[in-house]
Each structure stands twice: as structure tokens, then as C-alpha cells.
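Before any comments, here is the structure.
Coordinate-derived values only; no laboratory data. Here the structure is a predicted model, which means the values were calculated and not measured. Cβ sites come from the backbone with ideal geometry, for glycine too, and all protein chains shown count toward neighbours.
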Amino acid sequence: MLNKNILKSDGNFLKDIRNLCISYEQISVMRMRKIKDAVLYTRNFYSQLAQVYVQVKNTYTNQVMTLIKKNKIKDPKKMLLLGKNDKSVSILITANNKLYGDIIDRLYQSFREEIGKKDSDLVIVGSLGKELYESSGMNRPYKYFEITREDNLTLADLKPIVSHIAQYSRINVYFGRYETFFNQIPLMENISGDIRVGEDDEIIKKKFYYFEPDLEKILLFFETQIFANLFKQTAYESQLARFASRVQAMEEALSTIEKEEKELAFQARKANILIEDRKQRERVKQIYFKMKKYD
């Protein structure tokens, strides 16, 4: 027997969930509008800047190698600037809150597959990433950072992370990237100026540049100021992808809720019909007994 009270309770519950989804969607749309233009506008700039970083670092490496061969530099550690440790680090940027669609899960799967192929230290940003990593059964040690703000990030917010990863020579960041409103992809970017697989041969073939004022000073600038801004860009990219993924997830949830509400409305009509039918049978039954009494 269908219970009208249960149906009413379920209907109220769906209404509350629908209002929650609408609120989440509206907030995410507002946040997207706030950062979307800035992220997309600077994306190409930082991409080109990263290419310059690769060229500067490659030129510096070639220059040092040449001096080492000529015995003008006897300490190979000269290859490493700012006391770097000649190690690699893999950084996963996630979030602290849920309801971001499937982008976080897909990003984590990509991160997990890649770190299984390489020896690197691990850094996880966001409690969702920490939760996914610890529940996966992997036991490699990692450094955890939590960013309290979901938007309006500044370099000051990212300073603890930047300070930690700056000691590494090779830095790979895993984050979500906004492609279109309906498509967000997990991505890995190297932000330490390394030549990657499939890199343009033009970068590798160019062996000499003139630098002013000094190659080492320029590289130091890239490995401090530019490096920090490259990381900030990946954090902004991750935010934009998460907000877009949340809007998409909320739209899907609202579509499902609409179907459930239609089903509840059908069940409510069916329950009313059954109740009216039962009342009608009771009335007929009472009439029958009255007639039986006077027979």
C-alpha cells in the first residue's frame, strides 16, 4: 500500500535537494564568471613563458656542461641552482569540498597511474586528494597541504606549497583544466623548465643565446618569480575546471530530481486513486450491511 505521508516526505526531501543543487550551481557560475576570463587570458601567456623557461634552462645546462668539459667548473652541483636537491616531485591539486562532478576522480586516477611509473616525491593539495590517496591503499609517503579558500587565491595562499616544492629540480603538477563548459580534462604540466617528451626539436637544437644581464641571474628569476606564477596558474586552472564540473554535475542532478519528482507525482496520484477506491468500497460495504439489516 502506498503511504501518502512517505510520498510527501520524499517530495519535500527532493525539493530540499533541488534547492541545494540550484544554490551550488548559482555559486559556481558566479565563481566561474569571476575567474574564467582571467584564466583563459593568461593561459597562452604562461604557456609561452614556460617555453622560454625551457629554453633558458636548456641553454644554462649546455653552458655548464661545456665549462665542465673544459674543466672550468669542477663541481657538477653547479648544475643545480638555489640548493635544489636533484629530485622530482609530483603534485596533485584537488579540493577540500565534494560535489565537483567526476573531475577529481578522473584527475586522481591519472595521477595514480603516472606516479606508479616514476620515482618522485609526492605532494597532495586538498582533503579530497588525501582521502582518495589513503583509501587507495598506496603507502608511499607524501606531504599534505590544505588551501582553505576555494577562490581568490593569491601567491601568499600558495607560499607554503611553493616554498616546499622549490627545492626540487623537476616539478610536475597534476590538475584539472577547463576546455569547454562540458569538457574538463585531467592534465599534467611540468613547471620546472624541463624538456618534455614530444617537445619541439627547435628547443633542443638551439644551443646558444646571448643573455643580458647574465644567464644565471635570468634563470634564478625564472626559478623564483616565474616558477611561482606558473604554479599559481595551475591552481587557477584547477579551480575553473572544478567550478565548471560542479555546474555540469548540478545540472545532471537537477535532471534526475525532475524525473524523480514526476515519478513521485505519479505515485501520489496512484495513491489517491487507491484511497478513493478503498473509501468507495467502504461506502458500498456499509450500504450493503444496512440493506442486509432490514431484510
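Where Lys and Arg each count +1 and Asp and Glu each count -1, what net charge lies around LYS130 among other residues with Cβ under 12 Å from its Cβ?
Values: positive: LYS143; negative: GLU131, GLU134, GLU146.
Here the count lands on -2.
Residues THR234, THR94, ranked from the fewest to the most other C-beta atoms within 10 Å, line up as THR234, THR94. Listed from fewest to most Cβ neighbours within 10 Å, the set MET250, MET188, MET138 follows the order MET138, MET188, MET250. Protection proxy ranking for 51-60, 176-185, using the average of other Cβ atoms within 10 Å per residue and placing the highest first: 51-60, 176-185.
Tell me, what is a quarter of the convex hull surface for the C-alpha atoms of the range 108-150, in nm² with one decimal? All intermediate terms of the calculation are to be shown ahead of the outcome.
Working: hull surface 12.5 nm².
With the hull built on Cα positions only, its mean projection is 3.1 nm².
When each of VAL125, VAL162 is scored by the number of other beta-carbon atoms lying within 10 Å, the sequence from fewest to most is VAL162, VAL125. Amide H contacts under 5 Å for GLN167: none, restricted to partners 5 or more places along the chain or on a different chain, H placed in the peptide plane at 1.01 Å from N.
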